[in-house]
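Taking it in order: structure first as structure tokens, then the write-up.
A short reminder: the numbers here are calculations on the coordinates, not readings from a lab. Quick caveat: nothing in here was measured; it's all calculated off a predicted structure. Cβ: placed from backbone, ideal geometry, glycine included. Neighbour counts: every protein chain shown.
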Amino acid sequence: MSRPQAQPAASLFIDGQFVEGEGAALTVRYPFTGQPIAELREASPAQVATACARARAAQPAWAALAPVERGRILARAAAIILERNEELARLETLDTGKPIQETLVADWPSGAAALEYFAGLAATLTGHMIPLGTDWAYTRREPLGVCAGIGAWNYPSQIACWKAAPALVMGNAMVFKPSEETPLGALKLAEILAEAGLPAGIFNVVQGGGQVGAALVADPHVAKVSLTGSVPTGRRVYAAAAEGMRHVTMELGGKSPLIVFDDANLEHAVSAAILANFYSSGQICSNGTRVFLQTGIRDAFLDRLAERVRRVQMGDPLDPATNHGPIINPTQAARIREAIAGGIAAGARLVCGGAGEGAFIPPTVFADASDDMAIARDEIFGPVLTALTFHDESEVITRANSTGFGLAAGVFTRDLTRAHRVIAALEAGTCWINAYNLTPVEMPFGGVKLSGLGRENSAAAIEHYSQLKSVYVGMGGVDAPY
Ligand code: NAD
């Protein structure tokens, strides 16, 4: 069998052109085999500066277009993505190792939905007219200028689209740096946007790790930084952005609670726990990794979960039957294994799963855990579910909230009033009732507390890619004291 290859035309995309990077070598590996699929080069500091300067130069003409014209280009890009979804899903699978059955439905399609949604919103973006007696005022919603986008490796193409769509539709330009682990999807997006008619300089891609990201955040042309990544990176990027008083959106990590009351529909709650912990091999920020089970449903839930998990199909991510892929890289796999070993050492009961082999870690369930164990406190970013037992509502709310994170939360119950009461009391930005991990573009997405600030998706995202200008209009003469 020949080795899959995914070499792009060049490593960077600046001012409408593919250009080769002048920085360090960056080998892209297929997580399933560890074999190289592309050889890239990072951007040099001068190339980061050039990308930002070109974006700055191109942005005013883009902002001067009628909004509907900007929207039309994004809509065309969405259509191209959907037409090429199969080929793009294959590339996403090679880049991330995620099963093709996931990338076909979850990655580029969700990116296309964002482009389509914001394309439709383009023509509705307005300011306000404020009557002041004879005088009046109005507001203009204006773009910020050049926005920097920095991505994580778990949903590289979705993240690029979720950031680019609201930024571009508002008339901003973007310089995007994908994760150094998964650099390929953003280049495809640049190519597709150009084909759809996006002017040169409006969407640029630079490659590299934290240093390149830091250079981007510090560039004097950058007015806003949108990061998807871990809390420690978020702290550094937010602090660096503060130097230049830049706007930020921070989509960071979590350790979200999924609360299952005794009266929940067992089968659906188990399905949700599977989606909330094992999809994308558990490498999802909003995962409900602390599963709080009420005492009456606990045993039945764990039995059924263990039974369902036995049906998992680990293997070649390009095989349509595979539903559990490898971990992104050996370092991350070692970190997850360390967390699993820590859970066992701390005395939690391993219901199923464990260390696995090579790049694969099977769906792993811990029960009889306590809130102070590391497996119940720290983000693992792997397929590890920690089940905790609770007795009553107020207790579970307190325990669910005793974490620095606040990205997401879920509640399973048939009691309507309890569902809304509990959700209202939970400190989380994105919540589900009798569902989990669904993130339609129509619904705002984002966290509270250490999990971040700002919102992606929905009309709310526009507020984070624009600023208001207030204009007072004097309709009469001007009185002065002397
Ligand atoms: P990471 O924090 O290691 O890296 C994220 C990005 O930041 C990468 O592109 C990296 O190169 C860049 N970076 C690192 N240091 C930087 C610096 N000093 N300045 C500028 N950029 C810098 O995260 P990761 O390991 O790629 O992704 C996993 C993390 O992302 C998890 O914590 C996960 O929960 C989180 N995540 C959050 C969301 C969300 O929407 N809330 C979505 C996906 C992943």
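In sequence order, the range 354-365 has phi-based couplings of x, 5, x, 9, x, 7, 9, 10, x, x, 10, 10 Hz under the Karplus curve 6.51 cos²θ - 1.76 cosθ + 1.60, θ = phi - 60°, and Gly or Pro positions carry x. Between the exposed loop cleavage positions of the chain, defined as trypsin sites (Lys or Arg not before Pro) in a non-H, G, I, E, B DSSP state with at most 13 neighbouring beta-carbon atoms within 10 angstrom, the longest gap is 1-309. Counting neighbouring Cβ atoms within 10 Å and putting the fewest first, the residues Thr249, Thr331, Thr103 line up as Thr331, Thr249, Thr103. Calculation over all alpha carbon pairs of the chain in 10 angstrom steps from 0 returns a P(r) of 4, 20, 28, 25, 15, 6, 2, 1, 0 percent.
Per-residue extension of 0.36 nm, minus the Cα-Cα distance of Ala355 and Asp319, leaves a gain of 10.7 nm for this segment. Averaging over all projection directions, the Cα-based convex hull of the range 344-415 occupies 6.1 nm² in the image plane. Only DSSP H runs of four or more residues enter the estimate; each adds -39500 (n - 2.57), and after division by the residues of the chain the mean residue ellipticity at 222 nm equals -12000 deg cm²/dmol. So if R0 is 45 Å, what FRET efficiency would Ala424 and Ala64 give, r being the distance between their Cβ atoms, rounded to the nearest 0.05? The value I calculate is 0.55. Counting every other Cβ atom within 10 Å of each residue's Cβ, His221, His324, His128 order from fewest to most as His128, His221, His324.
Residues whose amide H comes within less than 5 Å of that of Ile361, counting only those at least five positions distant or on another chain, are Ile327 (H built at 1.01 Å from N in the peptide plane). Sorted ascending by nearby beta carbons within 10 Å, beginning with the fewest, Leu132, Leu121, Leu65, Leu115 become Leu132, Leu65, Leu121, Leu115.
Using the Cβ of Ile375 as centre and a radius below 12 Å, the other residues enclosed give a net charge of -2, where K and R count +1 and D and E count -1.
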